[in-house]
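Below: one structure, written as structure tokens.
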Amino acid sequence: IPQIGSADFDTKGFLSFIGNGGKAIVLEQNSLNKFGIDLSLAPKASTMTFPLNKRHPVLKEINPDDLKFWRGDNYVTNYEIVRPFFGGARAITVSGGNLGIEHCAILEQPYGKGNILFIQALVGEKFNSEPAARRIFQNSLSYMAGRKVKEISTLVLADNSNFIQTLNQIGLKQKLID
């Protein structure tokens, strides 16, 4: 598998893999442009992040204090995802400043039938020195390995029987609701 960000990284192939039910865990990045998804990073180093979704499996056995002042230099992040408010992304941990809670350290992004877990917390960098980093990584692996591929449903309302024939012709599965 080509390394993300390398010269031979295939963004279309990656998105196709995810869109068809693939799963990816993406650790610390300094840019998200290579993914072809409408997310962006801000150069924001935080010593504290906060659980937004305490029940998310990635945070299993992680207490709020575990997301603060990581060993070494105290930093939990160097770059953070600018918190999106569209596209189905779910912030798992957040941070902020004088403008509010505007960044994410851990974010889940569904894409097609698949899912991408972006972890900007320094999990890779501090894996050997920070117990919370190891726990988050292990939880992430368990969560993504156990996550089922979802069947996507879309509701189409139409009175025209010719339209139903068109759906059949293009091979869409359908269920007629009376």
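The values are calculated or read from the model by the stated rules, or taken from the named source; none is laboratory data. Just so you know, these numbers come straight off a predicted model, no measurement behind them. Don't worry about glycine lacking a Cβ; one is built from the backbone with ideal geometry, like all the others, and counts go over all protein chains shown. For the accessible areas, the whole protein counts, side chains as well, though only heavy atoms, and no ligand, DNA or RNA atoms are used. Shrake-Rupley method; radii C 1.70, N 1.55, O 1.52, S 1.80 Å.
Can you pull out every residue in the range 13-29 that is in contact (Cβ under 8 Å) with a residue 12 or more places away in the chain, open to solvent by 30 Å² or more (accessible area, probe 1.4 Å) and more than 17 Å from Leu107 (Cβ to Cβ)? Before you say what the answer is, go through the steps one by one.
Going residue by residue through the range 13-29, those that are in contact (Cβ under 8 Å) with a residue 12 or more places away in the chain are 14-15, 17-29.
Of the ones still in play, those that are also open to solvent by 30 Å² or more (accessible area, probe 1.4 Å) are 17, 20, 23, 25, 27-29.
Phe17, Asn20 - these are the residues of the range 13-29 that are in contact (Cβ under 8 Å) with a residue 12 or more places away in the chain, open to solvent by 30 Å² or more (accessible area, probe 1.4 Å) and more than 17 Å from Leu107 (Cβ to Cβ).
Criterion first (in contact with a helix residue (DSSP H, G or I) (Cβ under 7 Å, 6 or more places away or on another chain) and open to solvent by 40 Å² or more (accessible area, probe 1.4 Å)) does Phe85 satisfy it? Lay out the reasoning, then the answer.
On the way: in contact with a helix residue (DSSP H, G or I) (Cβ under 7 Å, 6 or more places away or on another chain): no; open to solvent by 40 Å² or more (accessible area, probe 1.4 Å): yes.
In short, no.
Would it be correct to say that Pro57 is open to solvent by 50 Å² or more (accessible area, probe 1.4 Å), modelled with pLDDT of 90 or more and more than 17 Å from Gly124 (Cα to Cα)?
Numbers: open to solvent by 50 Å² or more (accessible area, probe 1.4 Å): yes; modelled with pLDDT of 90 or more: yes; more than 17 Å from Gly124 (Cα to Cα): yes.
Considered against the rule, which asks whether it is open to solvent by 50 Å² or more (accessible area, probe 1.4 Å), modelled with pLDDT of 90 or more and more than 17 Å from Gly124 (Cα to Cα), Pro57 comes out as yes.
Pick out the one residue from Ser95, Ser16 that is small (Gly, Ala, Ser) and in a strand (DSSP E or B).
Numbers: Ser16 fails: in a strand (DSSP E or B).
The match here is Ser95.
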